Amino acid sequence: MNPRDPAPEYTSRHAGFYEKNGETRRGVLAASALLSADAVATLNDGRLPFEIADRMTENVVSTFALPLSVALNFRVNQRDHLVPMVVEEPSVVAGASNAARLVRASGGFHGLADPSIQTTQVQLDGVPNPVQAAERIRERRDELLALGNASIPRMVARGGGCVDADVRVLDPESGMMVVHLYVDVGDAMGANLVDTVAEAVAPQLQAWVGGRVGLRILSNLPLRRMVRVHGEVSVESLGSAQLADGIVSASRFAELDPFRAVTHNKGILNGIDAAALALGQDWRAIEAGAHAYAGQGEGYRPLAVWRRTPTGIRGDIALPLAVGTVGGSTRAHPGVRASFELARVDGARMLACLLAAVGLASNLAALRALSGEGIQQGHMRLHARKQGLDSHSPDAALREKG
């Protein structure tokens, strides 16, 4: 590119992207996202060097590849985002991209993420007079927070640290109780940080109330780390009022029936997990927290719901999301680094909003298919592209355009 030429616009809207070959797609993204030379090399090569894999985990014998795709059309809080997704299921990427295009026509997704407050637990067992012991801990809350902060001075220096604590008596007869500490972990997922805090405060808690120290570990239900996203689609974009009503009816079905709700939520996590994996997040923790949140209160409920509006439909999603843009695999894995260049997210809260938007788009895509042509027609059409792979004939699969 000539230095005097204006920089290309970063956009998630690339019409006809699926019709291009892989080399052309990479070229479009490299130009639009102004990818670094390292990111371009990673996308062109597509392999994880064994030396890096061997440092990431134990007993490594090889590496295992999955497709890295890009979902298009996402606009969240007035910013475009290309969404990298690692998933073997083609309908996930295609569905999310198409649904995001429909929402984009009505202004895109809008979301708000709570500050990155992670939860850690200290279990105490065999505590004498646990009700009174809990009150003693509450009275020394500030001392407890100071002790926790002393164990993570670098996070405190960056503006984070322990912000609150509470205590619950779980079983008065056995004297089992749990202390929660709430820690602002900034742009990190925060597991190691809060585990450090739990380990640091446990001996002092025991000294105050007696009993035995049990587990000292984060909780994967971070209820103070919620994200909420909504988006609208017009009847005109959907194609008919009948389809809009069908989507709302399918959403209501999930609210009334847990057997449907779990499949409804699985469709949401199809998109979130795929993007989380590409971006080096702990998708297992995300899954655990999402399903646990869905089961809070009475019964198991959907994470996202759709309602009729005068002009179309509106979807709302809410779930806890502990994600990070620093630490973990965000530095170790070259594919994750390239994915972050594609996505252009500034901090953990923006990433949480983007992932929730991907979940809401995936939900819309599934409900639209179920309420329209049915899930199998489009699903199996995309699966047809894979049929030649079983006979080791990639050319056969490529002949199916889907």
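The values are calculated or read from the model by the stated rules, or taken from the named source; none is laboratory data. All values reported here derive from a predicted model rather than from experimental measurement. Please note: Cβ atoms are built from the backbone with ideal geometry, for glycine as well, and neighbour counts cover all protein chains shown.
Just need a number here: residues in the stretch 284-309 that are over 28 Å from Ser69 (Cα atoms) and either within 18 Å of the chain's Cα centre (by Cα) or part of a loop (DSSP other than H, G, I, E, B) (or both).
So the answer is 11.
Hey, which of the strands (runs of 3 or more DSSP E) in the stretch 105-178, taking only ones fully inside, have at least 3 residues that are closer than 15 Å to Gly190 by Cβ?
The strands (runs of 3 or more DSSP E) meeting that bar are 117-125, 161-171.
Collect the residues in the stretch 313-334 that are modelled with pLDDT of 95 or more and either surrounded by fewer than 22 Cβ atoms within 10 Å (Cβ to Cβ) or closer than 30 Å to Val40 by Cβ (or both), keeping them in residue-number order.
Scanning the stretch 313-334 gives Arg314, Asp316, Ala318, Leu321, Val323, Gly324, Thr325.
Might you check whether a residue that is surrounded by fewer than 21 Cβ atoms within 10 Å (Cβ to Cβ), part of a strand (DSSP E or B), of a type in the set (D, E, K, R) and touching a residue at least 12 places away in the same chain (Cβ under 8 Å) occurs anywhere in the stretch 80-95?
There is at least one residue in the stretch 80-95 that is surrounded by fewer than 21 Cβ atoms within 10 Å (Cβ to Cβ), part of a strand (DSSP E or B), of a type in the set (D, E, K, R) and touching a residue at least 12 places away in the same chain (Cβ under 8 Å).
Determine if the stretch 257-270 includes at least one residue that is closer than 21 Å to Met85 by Cβ and either surrounded by fewer than 17 Cβ atoms within 10 Å (Cβ to Cβ) or hydroxyl-bearing (Ser, Thr, Tyr) (or both).
Taking every residue of the stretch 257-270 in turn, at least one turns out to be closer than 21 Å to Met85 by Cβ and either surrounded by fewer than 17 Cβ atoms within 10 Å (Cβ to Cβ) or hydroxyl-bearing (Ser, Thr, Tyr) (or both).
What about Glu23, is it more than 23 Å from the chain's Cα centre (by Cα), assigned to a loop (DSSP other than H, G, I, E, B) and at pLDDT 90 or above?
no
Could you list, in sequence order, the residues of the stretch 182-217 that are aliphatic (A, V, I, L, M), more than 23 Å from the chain's Cα centre (by Cα) and not in a helix (DSSP H, G or I)?
Val213, Leu215, listed by residue number.
Among the numbered criteria (1) surrounded by fewer than 16 Cβ atoms within 10 Å (Cβ to Cβ); (2) not assigned by TED's automatic domain parsing to the domain that holds Thr309; (3) not aliphatic (A, V, I, L, M), which single criterion is violated by Gly214?
Every listed condition holds for Gly214 apart from (1).
Search the stretch 106-135 for residues that are on the phi < 0 side of the Ramachandran plot and pair each with any residue that is among the aromatic types (Phe, Trp, Tyr) when their beta-carbon atoms are under 9 Å apart and the residues are at least 6 apart or on different chains.
Partner pairs satisfying both residue conditions: Phe109/Phe74; Ile117/Tyr182; Gln118/Tyr182; Thr119/Tyr182; Thr120/Tyr182; Ala133/Trp208.
Identify the residue in the stretch 310-353 that is part of a loop (DSSP other than H, G, I, E, B) and without any contact (Cβ under 8 Å) to a residue 40 or more places away in the chain and, among all such residues, is nearest to Ala244 (Cα to Cα).
Going residue by residue through the stretch 310-353, those that are part of a loop (DSSP other than H, G, I, E, B) are 310-311, 321-325, 327-328, 333, 344-347.
Next cut, without any contact (Cβ under 8 Å) to a residue 40 or more places away in the chain only: 310, 346.
Details: Pro310: 11, Asp346: 34 Å.
Result: Pro310.
Using the structure shown, decide if Gln281 is within 26 Å of His333 (Cβ to Cβ) and part of a loop (DSSP other than H, G, I, E, B).
Here the answer is yes, as Gln281 does meet what is asked.
Being assigned by TED's automatic domain parsing to the domain that holds Phe340, in contact with a helix residue (DSSP H, G or I) (Cβ under 8 Å, 6 or more places away or on another chain) and either surrounded by 13 or more Cβ atoms within 10 Å (Cβ to Cβ) or assigned to a helix (DSSP H, G or I) (or both) narrows it down to one of Ser69, Ser62, so name that one.
Just one listed residue meets the conditions, Ser69.
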